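Written below as structure tokens is the structure these notes are about.
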Amino acid sequence: MSSSQEYIALEKQYGANNYKPLDVVVEKAQGVWLYDVDGKKYLDCLSAYSAVNQGHCHPKILQAMMEQAQKVTLTSRAFRNDQLPVYYERLAKITGFEMVLPMNTGAEAVETAIKAARKWGYTRKQIEDNKAEIIVCSENFHGRTTTIVSFSTDDSSRSDFGPFTPGFVVTEYGNVDSIKEAITPNTVAVMLEPIQGEAGIKMPPKGYLAKIRQLCDEHNILLILDEIQTGLGRTGKLFAYEHENIKPDVVTIGKALSGGFYPVSAVLASKEVLSVFNPGEHGSTFGGSPLACAVAMSALDVIIEEKLVDRSKELGDYFMDKLKTLTSPVIKEIRGVGLFIGIELNEKARPYCEKLFREHGILVKETHENIIRVAPPLVITKEEIDFAFEAIKAVIV
């Protein structure tokens with residue numbers, strides 16, 4: 001088998017139809033470049049939804065994975081391993097949180113945060129059993145599990161998947177008063193994305209997070225921030241919440257935590273929150289495995305050693321300045337921070353993504369029908385940004 005069409009036909013025959021990818025069949029990748037089975041080269045401007053901030057197949061992370069894979073990959077949490085304690089310490093010191101709970105996927109991290117918040121509410125805040133409420137926001141995207149889609153406002157995420165899990169109150173994203181009005185004595189947490197990725201790089205008003213932090217403090221409520229996409233350098237800070245000089249009680253991270261090599265996620269929190277768990281109450285077979293820990297520590301090292309947070313800030317500003325020179329009736333708005341950019345159009349975005357892919361070798365993906373999400377690996381260069389910009393200009397203007 002050699003051609004893209006043969007692979008695509010095979011996928012359509014045997015694969016569940018739950019994705020609508022661009023018709024590129026990637027065979028290998030390095031840095032910011034992807035290569036398909038037909039030998040064509042593409043500039044990746046999506047980064048696997050920010051999972052490969054460090055670039056594809058980073059040699060240092062690859063080496064760490066290979067070395068650990070030859071020693072021990074999995075012990076389960078029935079036993080201890082020599083990588084997990086070091087990983088705990090490294091992640092806690094880098095992020096400034098007291099405690100870490102390792103999981104695999106972003107959705108699992110969010111589920112863990114929900115369980116921790118509820119248990120904290122019952123055991124610390126003395127809320128009546130089964131009455132805990134978590135405030136969330138409209139247009140949220142926190143994952144695909146049945147509990148998480150229970151509080152989604154996206155019809156395609158919810159349709160035909162009920163009955164849904166109770167205990168969530170949806171408020172308007174960007175509206176502090178909406179959250180304030182939703183608080184009751186049973187509220188245990190407010191959970192949101194500091195910048196909404198799937199909603200189209202939707203940014204809240206300045207001061208929004210700081211006001212929510214204040215509300216949470218006043219009402220003894222946990223602030224949970226989902227930084228699975230925005231964290232680990234994507235927005236020009238290690239975490240997006242740092243743009244407002246606040247600190248949440250709980251943070252969920254994943255994606256770039258492994259640099260794209262392995263599913264690794266984690267919940268970061270204070271001891272007060274994560275100490276609510278007792279042995280046997282929550283866990284994961286693969287979460288905290290020696291292989292996951294070795295990969296994650298190397299992925300974190302790359303972010304720090306290569307100053308990818310600073311690169312994201314510098315190159316994000318550079319890219320945004322260029323994009324804002326574009327004038328076209330097709331463009332409604334260009335917004336973003338760091339290398340997390342949304343180009344909102346006045347018409348459907350899919351045809352433009354297709355054209356960028358087929359005619360210019362640029363890989364981006366539409367979100368919410370009319371928005372192009374641009375989020376290249378943080379190792380991208382100014383010359384590569386220039387290449388992407390000229391392609392976007394040629395297609396849209």
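The values are calculated or read from the model by the stated rules, or taken from the named source; none is laboratory data. None of these values were measured; they are calculated from a predicted model. No Cβ is skipped: glycine too gets one built from the backbone with ideal geometry, and neighbour counts run over all protein chains shown.
Points worth noting:
- In this structure, residue 354 does not satisfy being under 20 Å from residue 225 (Cβ atoms) and surrounded by fewer than 22 Cβ atoms within 10 Å (Cβ to Cβ).
- Checked against the criterion of being crowded, with 22+ Cβ neighbours inside 10 Å and modelled with pLDDT of 95 or more, the candidates 343, 304 yield just one match: 343.
- The strands (runs of 3 or more DSSP E) found wholly in the range 291-397 and carrying at least 3 residues that are under 19 Å from residue 243 (Cα atoms) and under 24 Å from the mean Cα position of the chain (by Cα) occupy 331-337, 340-345.
- Verdict on residue 165 being part of a loop (DSSP other than H, G, I, E, B) and in contact with an Asp or Glu (Cβ under 7 Å, 6 or more places away or on another chain): no
- Every condition in (1) under 20 Å from residue 281 (Cβ atoms); (2) surrounded by fewer than 21 Cβ atoms within 10 Å (Cβ to Cβ); (3) in contact (Cβ under 8 Å) with a residue 60 or more places away in the chain; (4) in contact with a helix residue (DSSP H, G or I) (Cβ under 7 Å, 6 or more places away or on another chain) holds for residue 72 except the one numbered (1).
- Evaluation of residue 59 against (1) under 16 Å from residue 301 (Cα atoms); (2) of a type outside the set (D, E, K, R); (3) touching a Pro at 6+ places or on another chain (Cβ under 8 Å) (one fails), failing number: (3)
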